[in-house]
There are 2 protein chains.
Amino acid sequence: MSQTGNSDQLASSQKLEHILRHAAQTFAEKGYEGASIRDISLSSGVSLSGLYYYVKSKQEILYLIQIHTFRTIVARLQDSLRGVRAPSERLRIFVRNHLEYFLQHPMEMKVLAHEDDALEGVYRKDVAEIKRKYYGIVVEIFEALRAERRGPALNPRIAVLSLFGMMNWIHTWHQPHRDPQAEELSNTMAEMFLHGVMSNRRPVSRQLRSGRGSVNVAARVAV
Amino acid sequence: MSQTGNSDQLASSQKLEHILRHAAQTFAEKGYEGASIRDISLSSGVSLSGLYYYVKSKQEILYLIQIHTFRTIVARLQDSLRGVRAPSERLRIFVRNHLEYFLQHPMEMKVLAHEDDALEGVYRKDVAEIKRKYYGIVVEIFEALRAERRGPALNPRIAVLSLFGMMNWIHTWHQPHRDPQAEELSNTMAEMFLHGVMSNRRPVSRQLRSGRGSVNVAARVAV
DNA sequence: TAGACTTTCGAACGAACGTTCGACCAAATC
DNA sequence: GATTTGGTCGAACGTTCGTTCGAAAGTCTA
């Protein structure tokens with residue numbers, strides 16, 4: 001499989017994007033360490049040494065993919081959030097935004113989720129910063145949600161990171177032809193999270209673990 | 001792995017375990033592709049070529065770590081589940097079992113979560129089989145839960161994989177000195193899931209994005 | 001003590017790695 | 001027509017990779 005056909009005539013910055021697209025796919029398939037520059041050369045149709053005209057190192061390729069993806073997601077989120085006040089709706093928009101991008105750019109998102117700590121030095125700091133910002137937006141939404149609904153004092157860190165877990169784990173199982181698309185998936189996960197986090201914290205039923213054989217009666221609670 | 005256990009093989013198999021422990025740590029730190037056999041040699045104290053007396057290849061090291069970890073988790077789960085009938089309690093036990101092992105063996109679990117598709121051929125099939133079994137147990141629990149409580153027709157695959165996502169994502173953020181331990185963590189996540197999945201599926205509140213054509217009326221629901 | 005079996009490891013293999021270098025070429029500028 | 005500029009690439013660099021091999025050391029029985 002050579003190039004997509006028109007890479008001869010691409011402007012310089014477009015060619016860089018072309019390279020990054022194929023690099024993301026290669027990283028997603030083989031992992032950052034498992035993928036070689038030669039693999040990227042092959043899949044993008046640019047010669048091995050030719051890549052180094054556009055890029056300083058393998059690390060920089062990964063950096064460019066990650067930083068571009070995060071910036072796009074955050075920008076879109078802030079845009080979609082503008083003018084929406086209701087915390088639960090803001091949370092739904094966040095989930096929708098995340099999963100929409102996720103399923104539209106599965107390769108990039110897999111690289112984001114999977115190559116978390118492959119970067120070093122300045123690259124790493126840079127990506128960590130925007131990731132922190134993204135995380136901060138969601139924590140704010142959650143705190144507003146809790147304040148409004150007087151929900152239980154659930155650790156926001158745990159709650160938000162659990163939500164990220166639900167969403168980011170998708171790359172390990174989602175099959176486009178089998179599983180729901182972004183809209184249904186985000187509805188499901190958002191409602192799951194909202195109900196899970198906002199109901200009163202009484203256990204659905206309770207049993208203490210004692211020894212092995214102890215059987216206890218489950219208290220039935222309507223939820 | 002014969003259990004007949006004469007003392008020579010015992011010492012030998014202990015050394016294999018020693019190697020696998022250090023290998024898991026190395027894989028967790030650098031990833032499967034990023035870690036070299038020389039790294040494992042260095043961290044385990046066994047010479048480079050000496051490793052090949054205990055193990056056939058780098059792939060086999062990864063395989064042995066994964067298969068052993070999965071087998072242990074499944075065995076423990078089946079043991080803990082024995083005699084417990086109530087679906088919600090069974091789900092709580094599953095979450096607890098998973099997270100307890102997770103936080104007690106973070107390196108192995110990180111390797112499980114992270115090096116999902118690094119194996120090939122027979123190794124891969126073997127691990128996929130027990131993973132499928134583990135997944136199946138949880139789906140059964142979920143179906144029982146839904147049958148009992150007449151919960152909403154939530155896609156079991158999505159629900160269960162979301163729960164796995166919550167739990168397995170932990171390896172990216174959990175700091176032992178900062179975050180809750182297994183008990184509190186599993187309580188939180190189990191209740192979150194149970195409430196999230198078992199409440200009636202009406203949205204907490206509803207608003208459609210203004211951009212597109214069709215607009216739904218928001219129904220406000222107290223939770 | 002001799003011989004057989006298990007365990008260990010230094011040294012080396014060929015292959016693959018990320019990166020560099022200088023030659024090349026087409027198009028634009030002088 | 002000569003020179004510069006932006007882009008491209010084959011060939012090679014030094015290093016590291018997974019794996020092998022034969023020798024040696026340790027342990028056990030006879």
Of the residues in region A:60-89, those that are surrounded by fewer than 19 Cβ atoms within 10 Å (Cβ to Cβ) and under 14 Å from A:ILE19 (Cα atoms) come to A:GLU60, A:HIS68
Is it the case, given these coordinates, that A:ARG82 is out of contact with any helix residue (DSSP H, G or I) (no Cβ under 8 Å at 6 or more places or on another chain) and either within 11 Å of chain B (Cβ to nearest Cβ) or of a type outside the set (Phe, Trp, Tyr) (or both)? yes
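Tell me yes or no: at least one residue of region A:94-102 is surrounded by fewer than 20 Cβ atoms within 10 Å (Cβ to Cβ) and in a helix (DSSP H, G or I).
Yes: region A:94-102 contains one or more residues that are surrounded by fewer than 20 Cβ atoms within 10 Å (Cβ to Cβ) and in a helix (DSSP H, G or I).
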Matching entry among B:ILE61, B:ILE67 (being within 17 Å of the chain's Cα centre (by Cα) and either within 14 Å of chain A (Cβ to nearest Cβ) or part of a helix (DSSP H, G or I) (or both)): B:ILE67
Have a look at B:GLY121, B:GLY136 and point out the one that is at pLDDT below 95 and either surrounded by fewer than 21 Cβ atoms within 10 Å (Cβ to Cβ) or under 24 Å from B:PRO180 (Cα atoms) (or both). B:GLY121
Among the candidates A:PRO152, A:PRO180, residue that is under 14 Å from B:LEU154 (Cβ atoms) and either outside any helix (DSSP H, G or I) or facing another protein chain (nearest Cβ under 8 Å) (or both): A:PRO180
Take the residues in region B:99-146 that are of a type in the set (Ser, Thr, Tyr) and away from chain A (no Cβ under 13 Å); name whichever of them is farthest from B:ALA75 (Cα to Cα). B:TYR123
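Matching residues to (1) in contact (Cβ under 8 Å) with a residue 12 or more places away in the chain; (2) more than 23 Å from A:HIS171 (Cα to Cα); (3) more than 16 Å from DNA strand C (Cβ to nearest atom):
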site	(1), (2), (3)
A:GLY34	no, no, no
A:VAL46	yes, yes, no
A:LEU51	yes, yes, no
A:GLN59	yes, no, no
A:LEU64	yes, no, no
A:THR69	yes, no, yes
A:SER80	yes, yes, yes
A:ARG90	yes, yes, yes
A:ASN97	yes, no, yes
Filter region A:124-133 for residues that are of a type in the set (A, V, I, L, M, F, W, C) and in contact (Cβ under 8 Å) with a residue 24 or more places away in the chain; the one that is surrounded by the fewest Cβ atoms within 10 Å (Cβ to Cβ) is A:ILE130
Out of B:ALA28, B:ALA35, report the one residue that is within 14 Å of chain A (Cβ to nearest Cβ), of a type outside the set (Lys, Arg) and near DNA strand D (Cβ under 8 Å from one of its atoms). B:ALA35
Please count how many residues of region B:32-58 are surrounded by fewer than 17 Cβ atoms within 10 Å (Cβ to Cβ), in a helix (DSSP H, G or I) and not aromatic (Phe, Trp, Tyr). 3
Exception for A:ARG146 within (1) outside any loop (DSSP other than H, G, I, E, B); (2) at pLDDT below 95; (3) surrounded by 14 or more Cβ atoms within 10 Å (Cβ to Cβ); (4) in contact with a helix residue (DSSP H, G or I) (Cβ under 6 Å, 6 or more places away or on another chain) falls at (4)
So, in region B:154-170, exactly how many residues are touching a residue at least 40 places away in the same chain (Cβ under 8 Å) and surrounded by fewer than 20 Cβ atoms within 10 Å (Cβ to Cβ)? 1
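The values are calculated or read from the model by the stated rules, or taken from the named source; none is laboratory data. Being a predicted model, the structure only gives us computed values, none of them experimental. Cβ sites come from the backbone with ideal geometry, for glycine too, and all protein chains shown count toward neighbours.
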